[in-house]
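Here the structure is laid out as structure tokens; the discussion comes afterwards.
Where a number appears in this text, it was derived from the coordinates with a stated rule and is not lab data. These figures come from a predicted structure and were not determined experimentally. With ideal geometry, Cβ positions are generated from the backbone for all residues, glycine too; neighbour counts draw on all protein chains shown.
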Amino acid sequence: MEFVLTQEAKTSVQADLENVCMENVQTCILLALLSAGTCQTSSEALFARLAVSMSEILHLNISSTHGSPILDETSHRVWWSLYILDRWCSSGLGLPRHMENPHCPDIAPLPIDELSFQGLRLSSVYEPAQKPGIFTHMVTLVHHFGPIQDLNRSMARGNMEPIEKCEAVKRIGQQLESWRQTLPEIMHMSIQNLYMHQQNHLGGHFIALHLAFHHFSALLYFNSLESKIDPYFGQDEHIAQCKSHASSFSSLLHLSHQMKDCEQNYPTVGHMTTVASAVLLHTLLLGEPEDIPKARQELNTNFEALVELRRYWPATESMINRLMTFQKICLLSTESHKLDGWMVRFLLEHSLGLESIRNIGKDDWLYNSTGTIPIQLTGQNDPWQITVTVKDVRGPVLWHGDRRSSQELSIYLSVPESLVGSSKGNETFVCAYVMRGLNETATNSTIADDSCNGILSDDCIEEFKDAPVPDGGRCPEVTTSEECGQRFILKQQNPLNFSSRRCTLDELPGVNLPENYKTFGGLPGGVPLPGDRELDNFDSYDLMVRQPIPMLFTVQSGNTSQSKTVCIAPTNVLQDSRIPESEFPSSAAISIHGGINAWILTGLVGVVMMLTGAF
């Protein structure tokens, strides 16, 4: 339903685009935020810029001489909302900021406090001496975001001497601390103040203000987590500041979920939580033993918050993937926190997919085996390609629960580039459902319709032909009958859509895809499955790379609905990966994978517990 309403709003505002009015500015702001939450990054940037341009034409930052206070204040609040949106949106997409000038109070009055604004009426008389509110302090805080962005990018270019870097960080840090210290007493974070704002239905806004403060501070000091091969004076203090702000952010976010009407449910909180969690991961993996229990606890609560956000904002899935990728960097790289171009983009460009930032083809990111099969859909000129990959993760210091390895199963869907961004792509929605691998010999069929013959029963295959298809909302539940004998262990929450090429890959290393295809992730998978109990044992791996994995894909494209059942075994072992040697089907298969559901916990909360098992 939310997708249908959003599309209707887009259609309406596009039809009325030349009507430059306050209502269309507000609509564009909402559409930009909705687009950000659904990973439609091009739409996010477009509607944000439209709103800014309209507001400039309307001169919303200038008080009218004959207008009423309520209309003037509404205009000012919209203007400053755009000021904040411009900084978040430009950062997330790596675009230059548009509203760069500081807008002195004589030109753009700062917002009045929330209770005074709520009490305004059309007949109200203008009162020049109004106290600032939460929104005012958010505006003055966001003013520091631009310099933090610029500093991080300058450091990434490597043209700053250590002393220059230290002084710049110190200067902005003092400005942030000055902002905090000069807050009115009722704006300082305390339980008493939080309860007071909560009673005025402003508790969520109050927490959001301080979450932003801790986020900006963590961003500022994040560079201090670099290796100390080339240390600078004051680095230890900056490391402590970074970890302190990340911890404060996490504690405050957890508190917000415990208090009524204080929950933080907006797209950017996912990115802020990801950055704080990255700092906590640094402590968990590389920190002092006495700091690990607290970091583990806060990291777990952050993951719980991300999983909850994922219910409302599909883009949170990419945030979780970013954090898991960051975790791999910490484990695999000797320069895990080097503030290079990629790290800056991880910290700032939260709307871009990691695959477009770091080449998946680098050795650290290759999988061990793959399997691909084409599927032909009604109404599609060229077949789609479904790829399954398996990566064995093991290492001398790694534990995965009570096991020494895990197998990461990932699923990719590749479609013709001409479909992406087209009208047909905009109205195409795909949901995927995955069963566990079966101890049956793969047919190695090159035709999707025959790939499950002998693996699933005929009744099961026939049953899935009538599976419910996505309607623009969440992916529907698909149940299996007793005759099928299997059930789905992974499912997609939100349909995959081909409206944008953001978060896509041009190629999959080791996979022979047709030319001019775009590859999408975001399908069920990426979950570590139970591996081998010993480092030198490979029974689980040998089984995983030969088991056919049954999957159901349901597709709604315009007025056409269809379902496809495919079974793919990732038997294409990449160069330098282990060739399976164990007997297949394995007599130990049940003991290896029988406990799979205990591994697939609540999203990535289970992953964190596996990761931290070694400490």
Inset, instruction - Beta carbons within 10 angstrom, averaged per residue: use that to sort the peptides 414-421, 244-251, highest first. - result: 244-251, 414-421
Inset, instruction - Step through the residues of the stretch 452-462 one at a time and calculate ³J(HN,Hα) from phi using the Karplus curve (6.51 cos²θ - 1.76 cosθ + 1.60, θ = phi - 60°), rounding each to whole Hz and writing x for Gly and Pro. - result: 9, 4, x, 9, 10, 5, 4, 4, 5, 4, 5
Legend entry - Virtual spin-label span in nm between N200 and L71, 7 Å along Cα→Cβ: 2.8
Legend entry - For L490, distant residues with modelled amide H under 5 Å away: V434
Inset, instruction - Report the extension gain between H188 and E482 in nm, rounded to one decimal, defined as 0.36 nm multiplied by the number of residues separating them, less their alpha carbon distance. - result: 99.9 nm
Inset, instruction - For the stretch 559-576, just list the computed ³J(HN,Hα) in residue order, Karplus coefficients 6.51, -1.76 and 1.60, θ = phi - 60°, integers in Hz, with x standing in for Gly and Pro. - result: 9, 9, 10, 7, 10, 9, 9, 10, 10, 10, 9, x, 8, 7, 7, 6, 4, 6
Inset, instruction - Could you line up M189, M544, M99, M259 from fewest to most neighbouring Cβ atoms inside 10 Å? - result: M259, M189, M99, M544
Legend entry - Integer Hz, Karplus 6.51/-1.76/1.60 couplings in order for the stretch 180-188, x for Gly and Pro: 5, 5, 8, 5, x, 4, 6, 9, 6
Inset, instruction - Take K131, K564, K260, K424 and order them by how many other Cβ atoms sit within 10 Å, fewest up front. - result: K260, K131, K424, K564
